[in-house]
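This report refers to the structure that appears directly beneath it.
The values are calculated or read from the model by the stated rules, or taken from the named source; none is laboratory data. It should be emphasised that the depicted structure is a prediction, and the values quoted were computed from it without experimental measurement. All Cβ positions, even for glycine, are placed from backbone atoms using ideal geometry, and neighbour counts span all protein chains on display. Please note that ligands, DNA and RNA were not included when accessible areas were found on the heavy atoms of the full protein model with its side chains. Shrake-Rupley method; radii C 1.70, N 1.55, O 1.52, S 1.80 Å.
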Amino acid sequence: MAQSTRRFRSARIGAVAALGLLVAGCAKNAPQDTFAPEGPNAQKIDDLQRPVFYIAGIVLVIVLSVVAFVTWRFRDRGQPVPEQTHGNPKLEIALTILPALILAGVAIPSVATLMDLNETADTECIVNVTGQQWWWEMDYPVQDGCGGIESPIITSGQMVIPTGTKVLIRGTSRDVIHSFWIPKLNGKRDMVPGRVHTLRMEADEPGIYAGQCAEFCGLSHANMRMEVVALDADDFEAWKANQLEDYESPTSEQALAGEQAFITNCARCHQIDGLTDSNGDPVIARPDLQVYSGAAPNLTNLMTRNTFAGATWDLLTPSQREVVWEADPDEFGDLYLAGVTDEFFNEVDMREWLRNAPVKKPMYTDAESLEETDGLVRGMPYLALSEDQIDDLLAYLLERK
């Protein structure tokens, strides 16, 4: 009796655990739902994976049903052990051929889809993507594609693309292996140091498509996110023009003080195009002398983006973020191009970041414990900024758009 009670309790715990696992995998309007394709490449993946999952589900039900029936039908009732015989050749042959046919039926469309997804000759726009611990850099080289780009554009966290355009992503890494993944637009693609891997990306409608580094890359791997922002042709042209505008000096006294605070504390790593010092000389960042990856995000137009610190936190307040993310395609472009304003600026997270970045996002910034880095830090170090300096920097950064 006690043994039956223990078995029943174990079965109940197992059932509750299985139900919990099933519920945990369910979500409504999940931003990284691979079963909700919003581009032709992701649609090809969905067209392939759904039949495969259906077939696998049918096989699972059949196998579990047979196992359950045999376990119940031939359970031990104290009867003698049945006479042991050799296998049934016909059954064994059938159970060998049937799985082989199923696998062949899956393999043929899988190979065809992979070959189609690897096609890049039809792309119309080029974006170079580089992963490093723990953020993504997007570099638009001079090209005829993307409607024509006359000067390089460098941004981070968010890659902006025109809708209905096949974009060629050329990806690599500066330190360890990363994996670029925007589930609603295409599958994963590893970014490997010393190599360039390509991926085709295309979005059907304007909007923001969330992604995540899909290869464990260190302590803050879970904090290495990215987003693709799709704009219609006119809005994309407006975005490009804004990115290439000349630098404008701060307009307020506090922002001017923030500019000097930026030059003193931040410009060693972070580039702002057009920024000059008191002598009128260009301020050129040298992150290769400061950080292990050799690069830091370009902050020229920081407030045109919605995120910072590897897209881990939003620059917009939660309520305004929801407005932008849930906007209709016809309204999205205007909302995104408005950038971050004083009214909707997420000052709390940005202030915490400037106050102590390593606490907010672990980065192994203790250079002394990392001999292989030759004194270079991983990620953004602790800068020991005063609250007044942070106030000035916030005023300055708010004008970077």
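Structural remarks
- Residue by residue, the range 57-69 carries 3J(HN,Hα) couplings of x, 5, 4, 4, 4, 5, 4, 5, 5, 5, 4, 5, 5 Hz when phi is fed to the Karplus relation 6.51 cos²θ - 1.76 cosθ + 1.60 (θ = phi - 60°); x denotes Gly or Pro.
- Sorted largest first by accessible area at a 1.4 angstrom probe radius, with every protein chain in place, the residues 383, 101 fall in the order 101, 383.
- Database remark: amide H of residue 307 closer than 5 angstrom to the amide H of 315 (H placed geometrically; neighbours at sequence offset of 5 or more, or on other chains; Pro and chain starts carry no H).
- Largest accessible area first, the listed residues 98, 117 line up as 98, 117 when surface is computed with a 1.4 Å probe on the assembled protein chains.
- Accessible surface, per residue, of the chain when the full set of protein chains is kept, probe 1.4 Å, Å²: 55
- Against the main long axis of the alpha-carbon atoms of the chain, helix 2-24 sits at an angle near 40°.
- Residue-wise HN-Hα couplings along the range 350-357, as the Karplus relation 6.51 cos²θ - 1.76 cosθ + 1.60 with θ = phi - 60° gives them from phi, are 5, 5, 4, 5, 5, 5, 6, 4 Hz; Gly and Pro carry x.
- Relative to the longest principal axis of the Cα atoms of the chain, helix 387-397 runs at roughly 90 degrees.
- Computed [θ] at 222 nm, helices only, for the chain once each DSSP H run of length n ≥ 4 contributes -39500 (n - 2.57): -12500 deg cm²/dmol
- Karplus-derived 3J(HN,Hα) values for the range 158-172, using 6.51 cos²θ - 1.76 cosθ + 1.60 with θ = phi - 60°, are 10, 9, 9, 9, x, 5, x, 10, 7, 9, 8, 9, 10, x, 8 Hz; glycine and proline are entered as x.
- Whole-number percent relative contact order across the chain, with pairs defined as alpha carbons under 8 Å at least 6 apart: 15
- Relative contact order (%) - the range 310-401, alpha-carbon pairs under 8 angstrom, separation at least six: 26
- Rounded to the nearest 10 Å², the accessible area of residue 251 at probe 1.4 Å: 120
- Under-5 Å amide H pairs with residue 173, H placed in peptide plane, nonlocal only: 131, 192, 194, 195
- For the chain, carbon and sulfur atoms together expose 57% of the accessible surface, with a 1.4 angstrom probe and every protein chain in place.
- Counting every C-alpha pair in the range 121-178, the share spaced more than 18 angstrom apart comes to 33%.
- Identified option (computed Cα Rg over 2.2 N^0.38 Å; candidates [x] 0.93; [y] 1.26; [z] 1.01): [y]
- Figure note: 252, 173 ranked by solvent-accessible area, largest first, 1.4 Å probe, ligands and nucleic acids not counted: 252, 173.
- Here the label points at residue 121 and residue 198, each 7 Å from Cα along the C-beta direction, are separated by 1.0 nm in the simple model.
- Greater than 27 Å apart at Cα, pairs in 184/360; 188/361; 361/401; 360/401; 44/90; 44/360: 184/360; 44/90; 44/360
- Most mobile listed residue (360, 188, 240) in the chain, GNM with C-alpha springs under 10 Å: 360
- Close amide-amide hydrogen proximity is noted between residue 273 and 300, each under 5 Å apart and 5 or more residues distant or on a separate chain (H modeled in the peptide plane; Pro and chain starts excluded).
- In a fully extended conformation the segment linking residue 90 and residue 188 would gain 31.0 nm over its present Cα-Cα distance, using 0.36 nm per residue.
- Between 0 and 90°, nearest 10: helix 233-243 axis offset from the chain longest Cα axis: 50
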